[in-house]
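Everything on this sheet refers to the single structure shown next.
The values are calculated or read from the model by the stated rules, or taken from the named source; none is laboratory data. Model, not experiment: these values are computed from the prediction. In this analysis, Cβ positions are derived from the backbone assuming ideal geometry, glycine residues included, and neighbour counts consider all displayed protein chains. Quick note on the areas: whole protein, heavy atoms, side chains included, nothing else; ligands and nucleic acids left out. Shrake-Rupley method; radii C 1.70, N 1.55, O 1.52, S 1.80 Å.
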Amino acid sequence: MEQIISIKNLSVVYDKGTPAEVTALSDIALDIFPGEFVIVFGPSGCGKSTLLYAISGAERRMTSGELWIKGKDLRKLEGEEMISFHRQNVGMVFQAYNLIPTVNVFDNIILPLVFRGVPKKERLEKGKDLIEKFKIGHLAKTRPALLSGGQQQRVGIARALVNDTDIILADEPTGNLDSQSAFTAMDLFTDLNVDNKKTIILVTHESQYLPYASRIVYMKDGKIVGDVKQQSRKVSHVASLANNNGVENKEGFSLNIERLVNYLEISLA
Ligand code: ADP
């Protein structure tokens, strides 16, 4: 199978040539294949976020090496071309949710479509579908500050899906969540990976989430120090949610995974 992401000898050095010089990534080589759920795991400061943002195209300070996404050489993409490539291929989920505080939940979800110039009717349809399926329809007009962490992250994941990209990147997405909301978020990522064939690369320093990965890439001091495929990974929790046809989580939401998956299969496939 052809790699969806191919990284060769990638190094990123911040503040090169100054006393503050830091080698964040050192000679990274990594091939990621369609449909993988990769967790990049390692201690704080080991270079995980730098790697993720390099893949997203947002980190442009590559000192050396090559980075290919879907056969495109990221080094050759500039300006508008880069932005449009990113929007079409990569959805991002953040630890701090990165929701716009001054606009409501609905507008936060459809924001990427606004940037892409998608017509209003299509934006409204897509936003309505996602917000319903993520069970946050009743919060459509609410500003993010009034939501719980789990609700905000659900908005963040819905927004990452709105462009229907094949690749979802997640930067410590559970970092600000209580443990139940965090596991619910991990279940959503698993659904998107297993049922919707999204390629997921998720960065974390918390080992409790490793069972969800189909592959774990271990990092230390800017280097990859381990790369392990997991044959049996954690999907049972999702299956049990699906069987329950709607499970109350801590926030009192009924999270119907089965319907979510059906929706995603129809509208995002
Ligand atoms: P992780 O995500 O594993 O915590 P990072 O990729 O954020 O690691 O950071 C790797 C190293 O690069 C750290 O030493 C960090 O301090 C440094 N670093 C990260 N971003 C910058 C930046 N914009 N400027 C300078 N140094 C940075």
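Quick check: anything in region 61-79 within 13 Å of the ligand (Cβ to nearest atom) and either surrounded by fewer than 19 Cβ atoms within 10 Å (Cβ to Cβ) or more than 18 Å from residue 221 (Cα to Cα) (or both)?
Going through region 61-79, the residues within 13 Å of the ligand (Cβ to nearest atom) turn out to be 61, 63.
Applying the additional criterion that residues be either surrounded by fewer than 19 Cβ atoms within 10 Å (Cβ to Cβ) or more than 18 Å from residue 221 (Cα to Cα) (or both) yields 61, 63.
Yes; the residues of region 61-79 include at least one that is within 13 Å of the ligand (Cβ to nearest atom) and either surrounded by fewer than 19 Cβ atoms within 10 Å (Cβ to Cβ) or more than 18 Å from residue 221 (Cα to Cα) (or both).
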Taking the condition of being touching a residue at least 60 places away in the same chain (Cβ under 8 Å) and open to solvent by 20 Å² or more (accessible area, probe 1.4 Å), how many residues in region 12-35 meet it? 7
Can you confirm whether residue 137 is out of contact with any strand residue (DSSP E or B) (no Cβ under 7 Å at 6 or more places or on another chain) and at positive phi? no
Filter result (open to solvent by less than 40 Å² (accessible area, probe 1.4 Å), closer than 12 Å to residue 201 by Cα, out of contact with any Leu (no Cβ under 9 Å at 6 or more places or on another chain) and within 11 Å of the ligand (Cβ to nearest atom)) within region 36-60: 48
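Yes/no per residue for (1) free of Cβ contacts under 8 Å to residues at least 40 places away in the same chain; (2) not hydrophobic (A, V, I, L, M, F, W, C):
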| residue | (1), (2) |
| --- | --- |
| 86 | yes, yes |
| 108 | no, yes |
| 144 | no, yes |
| 161 | no, no |
Among residues belonging to region 188-223 that are open to solvent by 50 Å² or more (accessible area, probe 1.4 Å) and assigned to a strand (DSSP E or B), point out the one that is farthest from residue 7 (Cα to Cα). 220
Residue count, region 148-187 (criterion: in a loop (DSSP other than H, G, I, E, B), of a type outside the set (Gly, Ala, Ser) and touching an Asp or Glu at 6+ places or on another chain (Cβ under 9 Å)): 2
